[in-house]
Structures are given as C-alpha cells and as structure tokens.
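Participant: Here you go, one structure.
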Amino acid sequence: MSEIPVNILMIDDDEDDFFLVNELLHDISPGQYQLEWASTFEKGKAAINRREHDVYLVDYRLGPFTGLDILHYFQHLSFQAPVIMLTGKGDYAIDQEAMQAGAYDYLVKGDITADLLERSIRYALDEYSHLRTIEESEKRYFGIFEKAHDLILLADSDKNIIDANPAALRTLKYQKEVLLTKHLRDLFVNKDQAETFLNHICEEGETIREYDFKTNDHQKLVVQINAVLLDEAAQIFLCVIQDVTERKREEQEKQYQEKFVITGRIARVIAHEVRNPLTNILLAISQFKEDPAVMASEDASLYTDIIERNCTRINQLITELLHSTRMMELHANAVSLDKLLSNTLALSKDRMRLNEIQLELQLDKDDINVMADEDKVVIAFLNIIINAIEAMTPGKGMLTITTKRIQDKAFIKISDNGPGIPEEVQARLFDPFYTSKAKGTGLGLTSTQNILLNHKGTIHVESEIGKGTAFTITLPIAQ
C-alpha cells in the first residue's frame with residue numbers, strides 16, 4: 001500500500017451519495033483515500049482549477065449541468081486527468097458518450113461496491129499513468145523528429161512516403177503535401193540504386209551506403225541512409241538520411257588540390273629532364289642542317305625540318321603544361337561578378353551565334369563582388385563556356401548561367417544541355433593532356449582549375465548522360 005494518500009474530488013449534488021462513497025473508501029483502506037466533495041458545478045470547476053486531485057468522480061446529473069460539461073471544462077483547460085463518471089442505472093448511452101468525451105471509466109451508482117470502486121480508481125490511475133508515459137514518449141519522438149538536422153522520412157509497407165520532418169522538406173525542397181504523394185523510389189537519381197535500396201531495406205547485415213538523391217528542383221544530393229522497421233505490425237519504415245553532399249564535395253576538392261600539387265611537381269621534373277636533351281637535339285639539328293651534303297639533299301632537309309618542328313612543338317607543350325600547373329602571380333581586386341560574366345560572354349558571342357546557342361541568365365538580384373584577377377578569371381570562365389558550346393548540338397543548345405551568394409562565397413553555375421560526360425571520364429577532366437577533342441591539347445580545364453585554385457576558389461562538375469553537364473565554381477566574396 002502506498003504511504004501517500006490518493007486525493008479524490010467528488011462532484012455530486014447529492015450529499016447521500018458522497019457519504020456512501022466516503023464510507024466505501026474507508027472500508028477499502030482507512031487513510032489511503034482522501035475524498036473532497038464539491039456539491040455544485042461551479043464549486044467543482046473551482047476545485048478543478050486547483051489541480052490538486054489524483055482522481056475525479058463526477059456525477060452525470062448536476063442540476064442544470066451534466067458531467068459532460070465537466071469533461072468539456074477539462075478539455076477547455078487542456079488538463080488531462082483521470083475522470084470516472086457516475087451514472088444512473090441503465091444509462092448506457094450516457095456511459096458511452098462520457099467515455100468518448102474523455103472519461104476513463106464509468107460506474108452505475110446502484111451497483112457500486114467497495115471492490116468495484118477500488119478497481120475503477122486503480123484502473124483510472126494506471127490508465128492515466130500509461131497515457132502520460134505514451135504522451136511523454138510522443139513528445140520526445142516529435143521533438144527529435146521536428147528538430148533533427150538529418151532528414152527523416154516515414155514510409156508504409158509499399159514504400160510510399162507518409163511523413164517527413166522539416167529538415168527533409170527543406171533539403172529536398174518539397175511542400176509537405178507534394179512529398180507525401182511520392183514513393184521512396186522517386187527520390188533517387190539512379191533507378192538501379194533505388195531498386196537496390198528498396199530490395200534490401202532493413203535487411204540483416206546491410207551496411208549504410210551512399211546514394212544519389214535529387215531535390216524537387218533537380219539538384220543532386222549525396223546521402224547516407226539508415227533504415228529500420230519502426231512498426232512491424234503496420235510495416236512502417238523509418239529512414240534517417242544524412243546529407244553528405246558538402247562533405248563529399250570538400251573531399252573531392254581536397255583531392256583535386258593534392259592532385260594538382262603533384263601534377264605541378266611532375267610537370268617541373270618533366271620540363272627539366274626533357275628540355276635539356278631537347279635543347280641538345282635542336283642545337284645538333286641546327287649544325288647538321290648547315291652541312292653542305294644535307295643542304296644539297298631534299299630528303300635530308302625534309303627530315304631535319306620534321307625533327308626541328310616536332311622538337312619545337314614538344315617545347316611548346318612543356319611550356320603550356322608549366323603555365324597550366326604553376327602558382328601564378330595574381331593582381332586581384334574587388335570586381336563585379338556580373339561584369340566578369342558579361343566580358344566572358346562578349347568574347348564567346350560569335351561562337352554562340354554560329355552555333356545558334358540560346359542563353360539563359362539567372363543572376364542574383366544583388367550584384368556580387370568577388371576578389372579576382374579579372375583577365376585570368378575571364379579566361380577560366382571562357383574555357384568552360386567554349387567547352388559547353390562545342391558539346392551542344394547546333395540550333396538546340398541551351399547555356400544556363402546562375403549566380404548566387406552563400407555566406408562568404410559566390411557560386412557560379414554554368415550548365416549545358418549537351419550529351420553529358422560519363423562518370424569514369426569526369427574524374428579525369430582536369431588531368432593535363434586529357435581531352436576528347438581531335439585537335440585539343442587537354443590543358444584548357446587544367447589551366448582553368450589552376451586559375452581558380454590560385455584564387456582560393458573551387459570547381460566541381462556534375463553530369464548526367466543525355467541531360468547535360470554543369471560546372472559549379474566558387475570564388476571568395478570581396479570584403
């Protein structure tokens with residue numbers, strides 16, 4: 001038996017009923033129950049306002065009021081409490097109405113015994129405690145659900161999305177009512193990835209993998225998904241999704257920078273090791289050409305010209321390689337990003353006109369100033385735009401340039417609707433001498449990357465076969 005008495009408020013306009021209940025409680029266990037009486041509806045409300053009681057016994061008949069009015073008053077106060085309705089014999093319709101209005105139990109006055117009364121009080125207290133526990137658990141769950149930084153999705157047995165937390169709506173850029181019409185499959189960029197995930201969702205031993213998601217505005221996200229079966233009976237799935245796009249991008253940019261440093265070191269070694277013998281060859285050829293026998297022979301002159309011309313070409317390639325990978329001296333100033341793009345487009349307008357390329361500019365409404373060496377950044381932009389023009393089908397091409405500011409960085413996105421670049425090729429785009437063009441040297445994007453890295457900027461490529469390619473560039477904002 002608990003040492004703390006159970007405080008009970010009885011709201012009943014019949015004093016005899018109060019004395020009867022008081023005697024029954026005394027018979028159950030003296031001192032275990034403390035009963036207070038409120039003889040009218042108004043006195044009952046005043047006692048409820050104090051919120052001092054553990055259980056409430058409420059008579060259905062309260063003069064011009066009813067026990068349902070008391071239940072509605074509890075609802076008005078947003079006060080959850082165990083209420084037991086006392087009704088007349090045979091008033092089962094009233095009993096059911098009371099339960100629907102929030103009563104925990106009901107007792108027919110003519111049938112009340114000490115055991116029945118105690119059982120009803122214990123049931124009401126246990127049920128109240130159980131509901132409070134559930135309510136607290138729900139509050140904690142919804143607190144986590146609403147405030148979590150990770151994306152949280154709930155899906156039914158058919159993998160249809162049935163709920164999403166605010167982080168998921170923000171990151172995926174959906175209105176909630178729209179996202180709840182989607183299947184989990186709809187969020188994946190790659191169908192094979194989607195089927196792999198759906199076929200192995202919650203599978204024993206399934207490790208957390210990275211997948212490519214797409215937002216409502218067709219942006220690509222790299223995510224990690226941890227899925228669990230939240231409700232086995234209802235087959236409700238909980239998917240906790242971590243957006244690792246920025247982390248992956250930073251890792252890739254770090255790899256680019258490390259690779260670039262190594263490439264520059266190799267270029268300097270090649271230049272030193274190749275140029276010395278190359279110079280000796282050119283000197284020897286120069287002397288050889290002055291020999292009278294060579295000068296008299298057309299074949300000898302032809303071959304010496306070929307050797308000399310190719311040595312000169314090799315020397316030019318080494319010079320270009322050094323220029324595309326070395327640290328450069330910058331004359332950086334605060335310059336308008338719109339001006340940089342305008343100058344770049346002016347240099348490429350003839351190519352665009354010849355290839356009938358359409359241009360769509362989505363520039364930030366506020367002009368953004370960046371720290372840049374104007375001439376060099378224009379060269380970097382121009383290399384990307386020319387590549388985009390050459391990749392698109394004449395007469396069908398659409399070049400889209402978007403700018404925006406995020407914190408202390410300016411983002412420039414240059415997109416085309418060309419054939420796209422295979423994934424295995426994307427990793428090699430910035431490598432020296434790598435090119436798919438018949439007459440290209442493969443140093444244009446290497447030089448572009450060098451210019452941007454020297455500006456403490458970044459360049460990142462995203463491409464999908466059949467849909468086009470997008471280069472995203474960042475540059476530091478001018479302070």
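Participant: Can you go through E204, E258 and tell me which one is open to solvent by 80 Å² or more (accessible area, probe 1.4 Å), of a type outside the set (V, I, T) and either at pLDDT 85 or above or assigned to a loop (DSSP other than H, G, I, E, B) (or both)? Working first, answer last.
Facilitator: On the way: E258 fails: either at pLDDT 85 or above or assigned to a loop (DSSP other than H, G, I, E, B) (or both).
After ruling out the rest, the residue left standing is E204.
Participant: Looking at this structure, is T279 open to solvent by less than 60 Å² (accessible area, probe 1.4 Å) and among the β-branched types (V, I, T)?
Facilitator: Numbers: open to solvent by less than 60 Å² (accessible area, probe 1.4 Å): no; among the β-branched types (V, I, T): yes.
No.
Participant: Find all pairs meeting these conditions: Cβ atoms under 9 angstrom apart; at least six residues apart or on different chains; first residue within the stretch 140-169 and under 15 Å from K182 (Cβ atoms); second residue at pLDDT 90 or above and among the basic types (K, R).
Facilitator: If the second residue must be at pLDDT 90 or above and among the basic types (K, R), the pairs left are L151/R170; K159/R185; N160/K182; I161/K182; D163/K176; A164/K176; L169/K176.
Participant: I need the full set of residues from the stretch 236-253 which are assigned to a helix (DSSP H, G or I), modelled with pLDDT of 75 or more and either out of contact with any His (no Cβ under 7 Å at 6 or more places or on another chain) or over 23 Å from F197 (Cβ atoms) (or both), in order please. Step through it out loud before you land on a result.
Facilitator: Narrowing the stretch 236-253 to residues assigned to a helix (DSSP H, G or I): 245-253.
The next check asks that each one be modelled with pLDDT of 75 or more; those that pass are 245-251.
Within the stretch 236-253, T245, E246, R247, K248, E250, E251 qualify.
Participant: Among the residues in the stretch 78-101, are any at pLDDT 90 or above and either part of a strand (DSSP E or B) or over 19 Å from I8 (Cβ atoms) (or both)?
Facilitator: The answer is yes, given that some residue of the stretch 78-101 is at pLDDT 90 or above and either part of a strand (DSSP E or B) or over 19 Å from I8 (Cβ atoms) (or both).
Participant: Report, by residue number, each residue of the stretch 4-26 that is in a helix (DSSP H, G or I), open to solvent by 60 Å² or more (accessible area, probe 1.4 Å) and of a type in the set (D, E).
Facilitator: E15, D16, E23 - these are the residues of the stretch 4-26 that are in a helix (DSSP H, G or I), open to solvent by 60 Å² or more (accessible area, probe 1.4 Å) and of a type in the set (D, E).
Participant: Would you point out which residue out of S29, S39 is within 16 Å of R119 (Cα to Cα), open to solvent by less than 80 Å² (accessible area, probe 1.4 Å) and touching a residue at least 12 places away in the same chain (Cβ under 8 Å)?
Facilitator: Details: S39 fails: within 16 Å of R119 (Cα to Cα).
Matching residue, one of S29, S39: S29.
Participant: Residues of the stretch 228-248 being open to solvent by less than 20 Å² (accessible area, probe 1.4 Å) and under 18 Å from L179 (Cα atoms), which ones?
Facilitator: Selection gives F237, C239, I241.
Participant: Is there any pair with a first residue in the stretch 346-357 that is without any contact (Cβ under 8 Å) to a residue 40 or more places away in the chain and a second that is in a helix (DSSP H, G or I) whose Cβ atoms are under 8 Å apart and which are 6 or more apart or on different chains, and what are they?
Facilitator: Close Cβ pairs satisfying both conditions: L347/V378; L347/L382; R351/I386; R351/I389.
Participant: If you don't mind, another one. Scanning the stretch 160-181 for residues that are among the hydroxyl-bearing types (S, T, Y) and assigned to a loop (DSSP other than H, G, I, E, B), which turns out most open to solvent (accessible area, probe 1.4 Å)?
Facilitator: Here is the first cut: in the stretch 160-181, the residues among the hydroxyl-bearing types (S, T, Y) are 171, 174, 181.
Keeping just the survivors that are assigned to a loop (DSSP other than H, G, I, E, B) gives 174, 181.
Details: Y174: 27, T181: 105 Å².
It comes out as T181.
The values are calculated or read from the model by the stated rules, or taken from the named source; none is laboratory data. Bear in mind that the values here come from a model prediction, so they are computed numbers and not experimental data. Note that we place each Cβ from the backbone using ideal geometry, even for glycine, and neighbour counts take in every protein chain shown. Heavy atoms of the whole protein, side chains included, go into the accessibility calculation; ligands, DNA and RNA do not. Shrake-Rupley method; radii C 1.70, N 1.55, O 1.52, S 1.80 Å.
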